[in-house]
Amino acid sequence: MSRVHTSRWDSLQQWSPTLFLVGGGLLVGHTAMSAVHAFTDIPTPPDAFVTTGHFVALVGLLGLYPVLANGTRRLAWAAAAAGAVGLLSWFVMTVTRFFELVGIVSSLGDALPEPFFLVVLASTILTYVLFGVATLRVDSSWTVGLLVLAPGGLTTALVVDSALTGVSALDGMFIGGGLALSMLALGYTLRTWNRPTDHVAAAGDVTAG
């Protein structure tokens, strides 16, 4: 199969570790705000940390696409397609949150329809799962693949918790903390990751010619 080597993708790939570190750092801010809500009555501004953190991390995740496309093209393409939906969704969420901060809209819930949030969560989970599985297929160490899967698993836990009992500030603190740690760990690991750039395409992805 043809190699994915464009200057734009290469640049994004190089920035991927830093973007995960920034996204994880922003989610540390979200965790801190959740802790304030859980243990005090101190009012806080709208939480732009969580939306911006997820958006930045997804940009970083797309930076893995060139490596994965060289090893498992179809799965990488599906992951990138889901990631594009998730990225656009979190961009809308982030812009809307900043509109809320400056008083243009009253809240995310009032500004955006309820089905939109389902799209955000579903596309986020699917993106991390597909990228995680693709990484496990091309990387024999499994470390990066499991770290990529972690945010998807934690987001799934958030959805299940919300459906069963409703998400409290304490739940948000623990899940947000887990997301922050997983993204920080992923960013740190990617800095020294021995990328499988010469991986032979998986049998199911080999095309004639």
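Relative contact order for the chain: what is it in percent, counting Cα pairs under 8 Å that are at least 6 residues apart?
Computed value for the chain: 32 percent relative contact order.
Could you give the length gained by full extension between Trp77 and Val36, i.e. 0.36 nm per residue of separation minus their alpha carbon distance, to one decimal place? The partial results should precede the final answer.
Values: separation 41, 0.36 × 41 = 14.76 nm, distance 4.03 nm.
Roughly 10.7 nm would be gained on extension.
By counting other Cβ atoms within 10 Å of each Cβ, how are Asp139, Asp161, Asp41 ranked from fewest to most?
Values: Asp139 21, Asp161 16, Asp41 6.
Neighbour counts put them in this order, fewest first: Asp41, Asp161, Asp139.
In percent, how large is the relative contact order of segment 1-124, given Cα pairs closer than 8 Å and 6 or more residues apart? Walk me through the numbers before you get to the answer.
On the way: 131 pairs, mean separation 35.2, N = 124.
Here the relative contact order equals 28 percent.
For a footprinting-style exposure proxy, rank Ser140, Ser89 by other Cβ within 10 Å, fewest first.
Values: Ser140 11, Ser89 23.
In order of increasing Cβ crowding within 10 Å: Ser140, Ser89.
For the chain, what does the helix formula give at 222 nm: sum of -39500 (n - 2.57) over DSSP H segments with n ≥ 4, over the residue count, nearest 500 deg cm²/dmol?
Values: 8 runs with 158 residues, N = 209.
-26000 deg cm²/dmol, from helical runs alone.
Work out the FRET efficiency for Phe116 and Gln14 from their Cβ-Cβ distance, taking R0 = 30 Å, and round it to the nearest 0.05. Don't skip to the end; give the middle numbers.
Details: r = 32 Å, r/R0 = 1.08.
Efficiency for this residue pair is about 0.40.
Magnitude of the Cβ-charge dipole of segment 1-111, K/R +1 and D/E -1, about the Cα centre, nearest 20 debye?
Working: 5 positive and 5 negative charges, 133 e Å.
In total the dipole reaches around 640 debye.
Taking the number of other C-beta atoms within 10 Å as the exposure measure, put Phe174, Phe39, Phe131 in order starting with the fewest. List each step's numbers first, then the result.
On the way: Phe174 18, Phe39 11, Phe131 29.
Lowest to highest Cβ neighbour count: Phe39, Phe174, Phe131.
Can you compute 3J(HN,Hα) from phi for each residue in segment 105-114, using the Karplus curve 6.51 cos²θ - 1.76 cosθ + 1.60 with θ = phi - 60°, rounded to whole Hz and x for Gly and Pro?
Working through the residues one at a time gives 10, 7, 6, 4, x, 7, 7, 10, x, 4 Hz.
Does the chain classify as rounded, prolate or oblate by the C-alpha gyration tensor (a ≥ b ≥ c root eigenvalues; a/c under 1.5 gives rounded; else a/b over b/c gives prolate, otherwise oblate)?
Working: a/c = 2.09, a/b = 1.91, b/c = 1.10.
Because a/c hits 1.5 or more and a/b exceeds b/c, the chain counts as prolate.
Computed from the coordinates by the stated procedures, all read-outs in this text should not be read as laboratory data. Just so you know, these numbers come straight off a predicted model, no measurement behind them. Note that we place each Cβ from the backbone using ideal geometry, even for glycine, and neighbour counts take in every protein chain shown.
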